[in-house]
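The values are calculated or read from the model by the stated rules, or taken from the named source; none is laboratory data. Given the structure is predicted, the values throughout are model-derived calculations rather than measurements. Using ideal geometry, Cβ is built from the backbone for each residue, glycine included, and neighbour counts are taken over all protein chains shown. These area figures cover heavy atoms from the full protein model, side chains too; ligands, DNA and RNA do not enter into them. Shrake-Rupley method; radii C 1.70, N 1.55, O 1.52, S 1.80 Å.
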Amino acid sequence: MSGRAIFAASYSEARSKFLAAARASGAQLAHYHHPGAQGPQGEALYLDAATLGDPGAPNVMVIGCGTHGIEGYAGSAAQSAWMLDGGAKRIPAGTAVVLLHAHNPWGFAHGQRVTEENVDLNRNFVDHTKPYPANPGYAELHAGITPECWDEASISGVFSALDAFRNSRGEQAFSDAYNGGQYSHPDGLFFGGERAQWANRAFRNAVRAHAGHARRAGIIDLHTGIGAFLDHVFLCFHQPGSPAYERARAWWGERAVNRQGSTHKALAHYSGLLVDAFQAELPQAETTAVVIEFGTRTRVEMQRATISLSWLRRYEVHAPARARKVRADYVEAFYPSEPQWREAVLAQSRVFIDQAVAGIGS
């Protein structure tokens, strides 16, 4: 299995290919079953962990996918292809690679970015015993970006609301309000949740189980949607000039820290990121964390797709014919079918995964 055949059309197919590649590579497997949810055909859902190299090694590189559900298809293909391409043979002594498949398996299986509770998992890693981060800007936007109808007139109204906010407040305030995460509107966009999701707890458990012993640990969290078509973007949230920031620069080059290719004019100040939780679970380790996004569509197209999911979750049952087209467009935005895009995912991921493994093992 190679090239385009590594890509899947369903969560079950992606999981089957991942597990087959892991077994063929001699990986040790662990499975975290989601007891409270199923896939669209009633299939069981899992966060799977495949460990290559010495499980007790002091250096551990984690490659994860599916934080935003549907975005996991590209990451899953990258993981499986890297294993089948002999990735295990390129792991240095004293190093292990842990591949975490489907951080958010419900979203992966149901073709959505969110969890079963409409929670953006990448905003859910906050302390749920404390007051949630305030986002009054989102409260202003909510009514204007959650229309009851999904037609060109309504969509035009949505973007008028976004543009008006941006023009009056500036790009940074807009990005913080729209993208940063909100905890006040459970039916809204980028909702961080009212409790820790199962996927949150499963990820933390997996990190402790497979990297809790590490002295040096790194993670790449694979996503889609930010960046130019056929390219990828690094998002490094370490403080500029910090040791972790400089490690990222050393492993992957300047583009690891300069946000080259980002389609966001101002990146939001996010709350509850998965990479932050990774570091929090490993207080004894030297940690390095990046998000890597495979670019798909323009910023406006991605905003339209993200907002369309909110409409689909609320109104799909009332307009099934319209919803089929909306859903197809949504899938293409986060998981393009173009062969050249899929080939680019495989070619680029092989390089940056190898760089990460070599870097942490050096």
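To keep it simple, each residue is scored yes or no on (1) in a helix (DSSP H, G or I); (2) farther than 15 Å from His110 by Cβ; (3) open to solvent by 10 Å² or more (accessible area, probe 1.4 Å).
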site: Lys17; (1), (2), (3): yes, yes, yes
site: His31; (1), (2), (3): no, yes, yes
site: Glu43; (1), (2), (3): no, no, yes
site: Gly64; (1), (2), (3): no, yes, no
site: Tyr73; (1), (2), (3): yes, no, yes
site: Ala78; (1), (2), (3): yes, yes, no
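Within segment 251-275, residues that are closer than 20 Å to Ile219 by Cβ and free of Cβ contacts under 8 Å to residues at least 40 places away in the same chain reach partners that are in a helix (DSSP H, G or I) and open to solvent by less than 40 Å² (accessible area, probe 1.4 Å) with beta carbons closer than 7 Å, at six or more positions or on different chains, in the pairs Ala256/Ala248; Val257/Tyr245; Val257/Ala248. Within segment 53-62, the set of residues being surrounded by 24 or more Cβ atoms within 10 Å (Cβ to Cβ) and over 18 Å from the mean Cα position of the chain (by Cα) comprises Gly53, Asn59, Val60.
Taking segment 19-29 as the range and being part of a helix (DSSP H, G or I) and open to solvent by 40 Å² or more (accessible area, probe 1.4 Å) as the test, the residues that pass are Ala20, Arg23, Ala24.
Could you check, for segment 160-172, whether at least one of its residues is of a type in the set (Phe, Trp, Tyr), assigned to a helix (DSSP H, G or I) and out of contact with any Leu (no Cβ under 8 Å at 6 or more places or on another chain)? No; the residues of segment 160-172 include none that is of a type in the set (Phe, Trp, Tyr), assigned to a helix (DSSP H, G or I) and out of contact with any Leu (no Cβ under 8 Å at 6 or more places or on another chain).
In segment 336-362, the residue that is most open to solvent (accessible area, probe 1.4 Å) out of those that are assigned to a helix (DSSP H, G or I) and among the charged types (D, E, K, R) is Arg350.
Please verify whether Arg208 is closer than 30 Å to Leu47 by Cβ and either in a helix (DSSP H, G or I) or open to solvent by less than 30 Å² (accessible area, probe 1.4 Å) (or both), treating the condition exactly as stated. Yes, satisfied.
Out of Ser184, Ser160, report the one residue that is open to solvent by 30 Å² or more (accessible area, probe 1.4 Å), more than 25 Å from the chain's Cα centre (by Cα) and either on the phi > 0 side of the Ramachandran plot or polar (S, T, N, Q) (or both).
Of the residues listed, the single one that is open to solvent by 30 Å² or more (accessible area, probe 1.4 Å), more than 25 Å from the chain's Cα centre (by Cα) and either on the phi > 0 side of the Ramachandran plot or polar (S, T, N, Q) (or both) is Ser160.
Here segment 91-123 is the region considered, the condition is being more than 14 Å from Gly193 (Cβ to Cβ) and of a type in the set (Gly, Ala, Ser), and the residue that is surrounded by the fewest Cβ atoms within 10 Å (Cβ to Cβ) is Ala93. Restricting Ala196, Ala143 to those that are at pLDDT 95 or above and either crowded, with 22+ Cβ neighbours inside 10 Å or in a loop (DSSP other than H, G, I, E, B) (or both) reduces the list to Ala196.
Under the condition of being among the hydrophobic types (A, V, I, L, M, F, W, C) and touching a helix residue (DSSP H, G or I) at 6+ places or on another chain (Cβ under 6 Å), which residue from segment 313-351 is nearest to Gly53 (Cα to Cα)? Here the residue is Leu346.
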